[in-house]
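In what follows, a structure is listed as structure tokens, so that the remarks can point back to it.
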Amino acid sequence: MDRTVIEQKLESLRLCLARITAKCPADVEDLECDVDAQDILSLNLTRAVQICVDVAAHLIASREIPAPDTMGQAFDALANAGIVDAMLARRMKKAVGFRNIAVHNYNAIDWHIVHNICRRHLDDFRDFAVCILNQEPL
């Protein structure tokens, strides 16, 4: 595991989460009316998920863990290896589901869900980062 690469990616994750926190309106109704906030939140959430997937792939590649077939399975692989717990892996797989909608079908985004993620689930990303940082370098 290249610790410098991981730390750079996790710093990018931290910046995405800070941007989300700073720009998420207090009320979902405000988000539904603010296309700029919608763009900022969806872009940074998508980036946050992608960063976590990239970190997972990097960690998987640096160990003797079979390569997953999907982005979501990367988190299962980390759970199976004892790097993250199964509950966190499930939450991260849900984040991948959001990312797929945001990237492939932007018009179908439910802003209530986005607001909920931004207000109640950013700690999933932070918890993931902590698990990764607690890994011993190879």
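For this structure, a couple of remarks:
- In region 2-26, residue farthest from Q135 (Cα to Cα) [restricted to those that are surrounded by fewer than 16 Cβ atoms within 10 Å (Cβ to Cβ) and touching a His at 6+ places or on another chain (Cβ under 8 Å)]: V5
- Every test in (1) under 13 Å from F128 (Cβ atoms); (2) out of contact with any Ser or Thr (no Cβ under 8 Å at 6 or more places or on another chain); (3) open to solvent by less than 80 Å² (accessible area, probe 1.4 Å) is passed by K94 save one, and that test is (3).
- Among the residues listed as A37, A48, A57, the single one being touching an Asp or Glu at 6+ places or on another chain (Cβ under 9 Å), surrounded by 13 or more Cβ atoms within 10 Å (Cβ to Cβ), of a type in the set (A, V, I, L, M, F, W, C) and at pLDDT 95 or above: A37
- Residues that are closer than 13 Å to W111 by Cα, touching a residue at least 24 places away in the same chain (Cβ under 8 Å) and in a helix (DSSP H, G or I) within region 15-42 comprise V28, L31, E32, Q38, L41, S42, listed in sequence order.
- Verdict on H58 being within 24 Å of A26 (Cβ to Cβ), part of a helix (DSSP H, G or I) and not acidic (D, E): no
- Residue within region 125-133 that is under 21 Å from Q8 (Cα atoms), at pLDDT 95 or above and not hydrophobic (A, V, I, L, M, F, W, C) present: yes
- Filter result for A102 (surrounded by 15 or more Cβ atoms within 10 Å (Cβ to Cβ), within 11 Å of the chain's Cα centre (by Cα) and touching a residue at least 12 places away in the same chain (Cβ under 8 Å)): no
The values are calculated or read from the model by the stated rules, or taken from the named source; none is laboratory data. Note that the structure is a prediction, hence the values are computed from the model and not measured. Here the Cβ is made from the backbone with ideal geometry for all residues, glycine too, and neighbour counts use every protein chain on show. Remember, those area values only see protein heavy atoms, side chains included, never the ligands or the DNA or RNA. Shrake-Rupley method; radii C 1.70, N 1.55, O 1.52, S 1.80 Å.
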